[in-house]
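Engineer: Here it is, the structure, as structure tokens.
The values are calculated or read from the model by the stated rules, or taken from the named source; none is laboratory data. These numbers were taken from a predicted model, which means no experiment stands behind them. When we count neighbours, we look across all protein chains shown, and the Cβ atoms used for this are built from the backbone with ideal geometry, even at glycine.
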């Protein structure tokens, strides 16, 4: 795909400080990659009021007025019936082939529901999943599903492995990603039935995954695997546990420094190291969870992020488009019948 | 129960540096609480060689020779048939009423299997669970199940809530613990069926739990609840995610300090604060996961802990015995028929 056709549709009205943060985010993304063009959906008056601050955007943005926007409290069942929202219109642009990816900082449930209904699941994929990039001790890995599917069977997990593998290749430039199933033990019969079945499917397909077996969550940060596969419930629990522990440790460190005048004296010496650390773990640099498994890319930016965070989500989307992520999944599935293999797997495992 | 009868049986041969660490741990526990008496099971020669280092132990320990011990690689199905091991003998002492609790740093699966078979599950409790104390930003909470039951239904979770509530009262001295079910969202219909059923059972029993609803893992460290209830798979995932994140952050902090000569200069000023922080989060202070739901207390010390860690597990066991933890569960269950309530719950939820 030539860079000239790199078009991303933007829901300008999603997130806490829209459309201001969104438009500033586009300006930042444009500064780093001027090949991306944007179709911007939202309240034209408000959007234009922000656009004038960034003259460079004029040539790469086309603004489309929408009367409505999805609210945080809106139910998915409600929003899928309202085509007038900026989110719906931005997603539909991908379906109509006008854009190759959509980015929104709006309501996650709504984005997921509309994306699924409008873009539809890739043939042979049973369930789309949420994937994101995360930091380990000397690099990055990807993890899915982070919450789209509360219950998953073996074939779902195997499909996540397949998609995660391609995602790691495209987004992290890893040639032969190490793929692991998250589990509560390393031994073959530990954990849940669905995980055993998934392991069997993965080992017996022609997917040629670099499958390294099970991984326990405490091993994940130690650079043991590049793709972590989990059901949406466990994946979400792990993600939020990481978030909680980061909060706890930061809180504890601040508290112990506050309570020591000696430590306060030493603080100025530490500022450089602290800044560098903050930069490595900056959640904005990992912004942009993606729904994978759909005919088109749908990217969820964190609702509370700033312009830098939004620009990272946009650039991540552009990268995946440029590497033809969706096409790669389709090609990978051409010669594989996971349904058939999964039938066998259930016989083998039980 | 009078302190005179506080007897704990000890598997002296479990853990990485047994029996040395175990015996030194008993000496530490004895120094802080000289009311506890110990029945020590293990290789008499090796045990006595360690005992001579701590003359104070002579009056409170009785040593019983065992020919064998459970190895880390032993399968639970194998160890439950071998009554000659120090672990089996120590557990049996509780069954025979010679001790009120058993502490072992040995193989978790073996300890669980033998404890369950020998001590048996409390009447009306369907499944025992693993519980442990964890730190939040200004105190401690308890969490269960941490891995005994991969799959749990609503009634299992409700029973965990009941037992966790009593545990928090006994071990953390909290009068009216806030009990929460771990879930991936706060809304009523989020997450799994078993969680919805458990919520319904808890709300409709006469258990009088201070039930505060669902809690997401990132909220746990913010002192929102005192008892976190989860199935063994999710609980184990959360626990190990916390462990992994602690490792990641510590690693990142050390690395960023190492790479900055300024930070190295400031380091001496920080040592007091670092020491204090390490003390708050010291895993040894949270040592001693317990199997709850059995007719007797069975405590698992971390296999790699030192004498301090082992002594904490012993003291924790002594505390629970002194407060008649097992008796409290039995009394709580006297007037409750969870099975009946759970039948109703399934009708209500679906």
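Engineer: Determine which member of the set A:216, A:193 is more than 18 Å from residue A:286 (Cα to Cα) and modelled with pLDDT of 95 or more. Show your work before the answer.
Structural biologist: On the way: A:193 fails: modelled with pLDDT of 95 or more.
That would be A:216, the only listed residue that is more than 18 Å from residue A:286 (Cα to Cα) and modelled with pLDDT of 95 or more.
Engineer: Could you please give the count of residues in region B:1-18 that are at pLDDT 95 or above and within 22 Å of residue B:304 (Cα to Cα)? Reasoning before the result, please.
Structural biologist: Step one: of region B:1-18, the residues at pLDDT 95 or above are B:7-13.
Then keep just the ones that are within 22 Å of residue B:304 (Cα to Cα); that gives B:8-13.
So the answer is 6.
Engineer: Taking the options A:141, A:167, name whichever one is in contact with a helix residue (DSSP H, G or I) (Cβ under 9 Å, 6 or more places away or on another chain), within 20 Å of residue B:241 (Cβ to Cβ), in the same structural domain as residue A:216 (by TED's automatic domain parsing) and crowded, with 20+ Cβ neighbours inside 10 Å. So that I can check it myself, show each step before the final result.
Structural biologist: Numbers: A:167 fails: within 20 Å of residue B:241 (Cβ to Cβ).
Unique residue meeting the criteria: A:141.
Engineer: Given the conditions (1) under 23 Å from residue A:319 (Cβ atoms); (2) touching a residue at least 12 places away in the same chain (Cβ under 8 Å), which single one is not true for residue A:126?
Structural biologist: That leaves (1) as the condition not met.
Engineer: Related question: Quick one: count up the residues across region A:284-311 that are under 25 Å from residue A:327 (Cα atoms) and without any contact (Cβ under 8 Å) to a residue 40 or more places away in the chain.
Structural biologist: Here the count works out to 1.
Engineer: Can you find even one residue in region B:336-347 that is out of contact with any strand residue (DSSP E or B) (no Cβ under 9 Å at 6 or more places or on another chain) and either closer than 20 Å to residue B:141 by Cα or in a loop (DSSP other than H, G, I, E, B) (or both)?
Structural biologist: If we filter region B:336-347 for residues that are out of contact with any strand residue (DSSP E or B) (no Cβ under 9 Å at 6 or more places or on another chain), which is where we start, we get B:336-347.
Of the ones still in play, those that are also either closer than 20 Å to residue B:141 by Cα or in a loop (DSSP other than H, G, I, E, B) (or both) are B:336-337.
So far as region B:336-347 goes, yes, one or more of its residues are out of contact with any strand residue (DSSP E or B) (no Cβ under 9 Å at 6 or more places or on another chain) and either closer than 20 Å to residue B:141 by Cα or in a loop (DSSP other than H, G, I, E, B) (or both).
Engineer: Now for a separate question. Can you tell me how many residues in region A:223-279 are more than 7 Å from chain B (Cβ to nearest Cβ) and within 28 Å of residue A:199 (Cβ to Cβ)?
Structural biologist: 12
Engineer: Also: Considering only region B:174-192, state which residues are more than 9 Å from chain A (Cβ to nearest Cβ) and part of a strand (DSSP E or B).
Structural biologist: Correct list: B:178, B:179, B:180, B:181.
Engineer: I would also like to ask the following. Just name the residue that is nearest to the chain's Cα centre (by Cα) out of those in region B:280-305 that are within 14 Å of chain A (Cβ to nearest Cβ) and part of a helix (DSSP H, G or I).
Structural biologist: Among them, the one singled out is B:286.
Engineer: Does region A:193-208 include one or more residues that are within 21 Å of residue B:246 (Cβ to Cβ), surrounded by 20 or more Cβ atoms within 10 Å (Cβ to Cβ), within 14 Å of chain B (Cβ to nearest Cβ) and touching a residue at least 12 places away in the same chain (Cβ under 8 Å)? Steps first, answer last, please.
Structural biologist: Narrowing region A:193-208 to residues within 21 Å of residue B:246 (Cβ to Cβ): none.
The answer is no; no qualifying residue exists.
Engineer: Inspect region A:6-23 for any residue being within 22 Å of the chain's Cα centre (by Cα), touching a residue at least 60 places away in the same chain (Cβ under 8 Å), surrounded by fewer than 24 Cβ atoms within 10 Å (Cβ to Cβ) and over 27 Å from residue A:84 (Cβ atoms) and give the result as yes or no.
Structural biologist: Scanning region A:6-23 turns up at least one residue that is within 22 Å of the chain's Cα centre (by Cα), touching a residue at least 60 places away in the same chain (Cβ under 8 Å), surrounded by fewer than 24 Cβ atoms within 10 Å (Cβ to Cβ) and over 27 Å from residue A:84 (Cβ atoms).
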